[in-house]
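Here's the structure we're looking at; comments come further down.
The values are calculated or read from the model by the stated rules, or taken from the named source; none is laboratory data. Nothing here was measured: the structure is a model prediction, and the numbers come from that model. Note: ideal-geometry Cβ built from the backbone for every residue, glycine included; neighbour counts use all protein chains shown.
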Ligand code: NAD
């Protein structure tokens, strides 16, 4: 099939490459000229394991193309996926849908034969109706069909998640469109993915509901970890004991810092705002949002306590600053509040991240990037393990840290408390 992905970010690029890998002709379009020119040269804009070789393979065999020309790409395609950003509006919890609506306006002039317009971006209920309205101002409704097909891939596992999804949600009541899309997804269905056809509105809500539920699980176990710390119980035992119950499941049940990333924070706010708009109250989700906000402050307070309130000139090292491992995505990482706050109090911060230096910290005095773990931790008094990269799992701290009196604060529980005790390292973790 001939496909156009509008928006070549984490979702558009991964989905586009994976669709081309199963035999479709895909054009990935972006308004960012730099991104597209780099992709043509084989420079990949994001860190995602396995993505570079898959792009190279499909670009070489000409099933995958990159372009900034939206109109030409839409004319050449039968299926158009909208994969642009849907961030939270400034100062309110509503979603900024301008990128989506701009695409809808921009593609109208290029529809002269039947096209399926699929919204893969995460959007509030009834956005599909609005897209349809915008396009139909200039194009006959017979010439297009607007579908909701939310994406569930996780950064860091994106290729696997796209190729072997648990489910494919297709929100359309158009039988012809549904048949075409079932055919498009048949390589994934044959590997075991469940194909679910729903109304467009239900598909839109399923995405928000799923993310809000996962955010709730994380917040639940984070709060339970606070209790465990007070009553001498290991949160890991609780997670295992709970997670083995199939009704609960063990995933997203690991205590750690506040949840972050490009999805959970904005999607929880968006679904709560939708409920407010329709005058119902999603009180559980609202308390999840509040609890998660408090979590970063609570962990900051723990850091102050560890340093006995003396933060000025303390040498602190952060290992990992992205919101989770195996991605370079900094959006809503809890580090974005923690590092500036410690910096403001006079701490001297070194950080290492396997995905390199971050522009977010470049303007801060006394926040330095080290390009390797050894030099990052060498002069530290406090080492904060912020992200669970495998690179951090077997560091010989005793050998590389100069001070005899350093402390490790492990926000991801990647080390064994017993082993740290045996090594006589001051070690504090979460909920144990
Ligand atoms: P992103 O910011 O990485 O990428 C969006 C891209 O769209 C950018 O490259 C931008 O330049 C491009 N763009 C914007 N307007 C355009 C236009 N008019 N024409 C062409 N290109 C345009 O965003 P993302 O992380 O890929 O997320 C996209 C959507 O998918 C969001 O709604 C998000 O919530 C959802 N989603 C994201 C993930 C994830 O893990 N990142 C997972 C599932 C769903």
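Before moving on, here are some points about what is shown:
- Only one entry of 377, 373, 349 meets the criterion of being touching a strand residue (DSSP E or B) at 6+ places or on another chain (Cβ under 8 Å), free of Cβ contacts under 8 Å to residues at least 40 places away in the same chain and on the phi < 0 side of the Ramachandran plot, and that entry is 349.
- Scanning region 7-40 for residues that are in contact (Cβ under 8 Å) with a residue 40 or more places away in the chain, over 19 Å from the mean Cα position of the chain (by Cα) and closer than 12 Å to residue 81 by Cα yields a total of 3.
- Taking (1) in a loop (DSSP other than H, G, I, E, B); (2) surrounded by 18 or more Cβ atoms within 10 Å (Cβ to Cβ) in turn, residue 192 satisfies each apart from (2).
- Of note, residue 26 does not satisfy the criterion of being crowded, with 20+ Cβ neighbours inside 10 Å and in a helix (DSSP H, G or I).
- A Cβ distance below 6 Å, combined with a sequence gap of six or more or placement on separate chains, defines the contacts here; from region 199-212, residues that are closer than 19 Å to residue 87 by Cβ reach residues that are in a helix (DSSP H, G or I) in the pairs 208/267; 208/271; 211/264; 211/267; 212/268; 212/271; 212/285.
- Per the conditions (1) farther than 30 Å from residue 142 by Cβ; (2) buried (at least 19 other Cβ atoms within 10 Å of the Cβ); (3) in contact (Cβ under 8 Å) with a residue 60 or more places away in the chain, the sole criterion not satisfied by residue 226 is (2).
- When region 332-341 is filtered for residues that are in contact with a helix residue (DSSP H, G or I) (Cβ under 8 Å, 6 or more places away or on another chain) and within 16 Å of the ligand (Cβ to nearest atom), only 332 remains.
- Residues in region 97-109 that are surrounded by fewer than 19 Cβ atoms within 10 Å (Cβ to Cβ) and over 21 Å from the mean Cα position of the chain (by Cα): 101, 102, 105, 106, 108, 109.
- Restricting the search to helices (runs of 4 or more DSSP H) fully inside region 129-189 and requiring at least 2 residues that are within 16 Å of the ligand (Cβ to nearest atom) and either in contact with a helix residue (DSSP H, G or I) (Cβ under 9 Å, 6 or more places away or on another chain) or within 16 Å of residue 83 (Cα to Cα) (or both) gives 158-163.
- If you go through region 78-113 and keep only what is within 18 Å of residue 16 (Cβ to Cβ) and away from the ligand (no atom under 14 Å from the Cβ), you end up with 78, 79.
- Failed item in (1) assigned to a helix (DSSP H, G or I); (2) modelled with pLDDT under 95, with residue 20 passing the rest: (2)
For every residue, the table says whether it meets (1) farther than 24 Å from residue 384 by Cβ; (2) at pLDDT 95 or above; (3) crowded, with 16+ Cβ neighbours inside 10 Å.
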site: 270; (1), (2), (3): yes, yes, yes
site: 280; (1), (2), (3): yes, yes, no
site: 285; (1), (2), (3): yes, yes, yes
site: 304; (1), (2), (3): no, yes, no
site: 337; (1), (2), (3): no, no, yes
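- Residue check for residue 121: surrounded by 18 or more Cβ atoms within 10 Å (Cβ to Cβ), within 14 Å of the ligand (Cβ to nearest atom) and more than 23 Å from the chain's Cα centre (by Cα): no
- Residue in region 363-373 that is crowded, with 19+ Cβ neighbours inside 10 Å, within 16 Å of the ligand (Cβ to nearest atom) and modelled with pLDDT of 95 or more present: no
- Test: residue in region 11-27 that is within 20 Å of residue 114 (Cα to Cα) and within 15 Å of the ligand (Cβ to nearest atom): yes
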